[in-house]
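Working notes, structure below.
The values are calculated or read from the model by the stated rules, or taken from the named source; none is laboratory data. These numbers were taken from a predicted model, which means no experiment stands behind them. Counting neighbours? That spans all protein chains shown, and the Cβs are built from the backbone with ideal geometry, glycine included.
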Amino acid sequence: MTEPFHDFTELVLHCVQGRDYRFVIRDVGADATIVAIHGGGIEPMTSEVATIVAGEEHNLYDLRGIRPEGNAALRVPVQRFDEMRLRNLLKRSQTAVAVLGVPGETPLVHLGGANRRLRGALQERLEEAGFAVRPPHGPGAAHHPQRFVNWPSAGGVQLELSLALRRSLTRAPLEGFRWEDPTQWTERFDALVRAVRGALRDAAAMARDDLGEALERFEAGTRAFPAELRSLDHQHHHGTDPDGSNGTGRGTSGGTGH
């Protein structure tokens, strides 16, 4: 795997935006941001999956390699990718889904990231749709807080799609940008997108339910609080302490001390 650039700054110093790469960034003020940092010709089909998953409801950050060939050289390692607009977008988000490409001749989705709720929803939806799900590809700590996908407040999830799986998403070969033609996308592409979008809805609904339960517990506690205050106020006006003593420190037993 070619990784000539140490970080995004190094890529900018050696490449030209609009000739070697371009951005597609949409901030719609959503809670979730969908990210493809190795899009276009770097890891074919990752931009397409990210874009359709984002739709009109979610934010999108898509960095695409657009060279006629040799786009793999534009790869910046995930653990060192730190671009200002991505950081700002993710810091305003509650969660994120990063769509990445990895090698592999078996159709697999490698699932990782710090957002356990979303990760669980994704695994359930993907397996229901017939996708084989595995742990994160390679030794990288997908759950590490410094990895960009975990910058949002609730953390995020990364989907690493094997080469074999990405080939199954289109009838076109993964060369010459022919995979970008939507008429060539397969039912597996549609199934993958539906699974990811469904998982995002499921996780958001679970988060709302958890918030509702927390609010109910808070309201129940605050309803009981005035009654406790009234009890304390009554004890104060009648000269008794909460333990039943008369406030003199001697209790109410009437003992003489002899």
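Descriptive notes on the structure:
- Flag if Thr9 is without any contact (Cβ under 8 Å) to a residue 60 or more places away in the chain, surrounded by 14 or more Cβ atoms within 10 Å (Cβ to Cβ) and in a helix (DSSP H, G or I): no
- Top-ranked residue in the range 36-57 [being buried (at least 22 other Cβ atoms within 10 Å of the Cβ), part of a loop (DSSP other than H, G, I, E, B) and of a type outside the set (A, V, I, L, M, F, W, C); ranked as farthest from the chain's Cα centre (by Cα)]: Gly41
- Candidates Val35, Val99, filtered to the one that is closer than 24 Å to Ala207 by Cβ, among the β-branched types (Val, Ile, Thr) and in contact with a Phe, Trp or Tyr (Cβ under 7 Å, 6 or more places away or on another chain): Val35
- Residue within the range 132-150 that is modelled with pLDDT of 95 or more, over 21 Å from the mean Cα position of the chain (by Cα) and loosely packed, with under 14 Cβ neighbours inside 10 Å present: no
- Failed item, numbered, when Arg22 is tested on (1) in contact with a His (Cβ under 8 Å, 6 or more places away or on another chain); (2) more than 21 Å from Leu118 (Cα to Cα): (1)
- Residues in the range 167-186 that are among the acidic types (Asp, Glu) and either buried (at least 17 other Cβ atoms within 10 Å of the Cβ) or under 25 Å from the mean Cα position of the chain (by Cα) (or both): Glu180 alone.
- Any hit, the range 88-101, residues being surrounded by fewer than 17 Cβ atoms within 10 Å (Cβ to Cβ), assigned to a helix (DSSP H, G or I), without any contact (Cβ under 8 Å) to a residue 40 or more places away in the chain and under 23 Å from the mean Cα position of the chain (by Cα): yes
- Flag if Ala164 is assigned to a helix (DSSP H, G or I) and either loosely packed, with under 14 Cβ neighbours inside 10 Å or free of Cβ contacts under 8 Å to residues at least 24 places away in the same chain (or both): yes
- With respect to the stated conditions, Val193 is under 19 Å from Ala129 (Cα atoms) and either modelled with pLDDT under 65 or hydrophobic (A, V, I, L, M, F, W, C) (or both).
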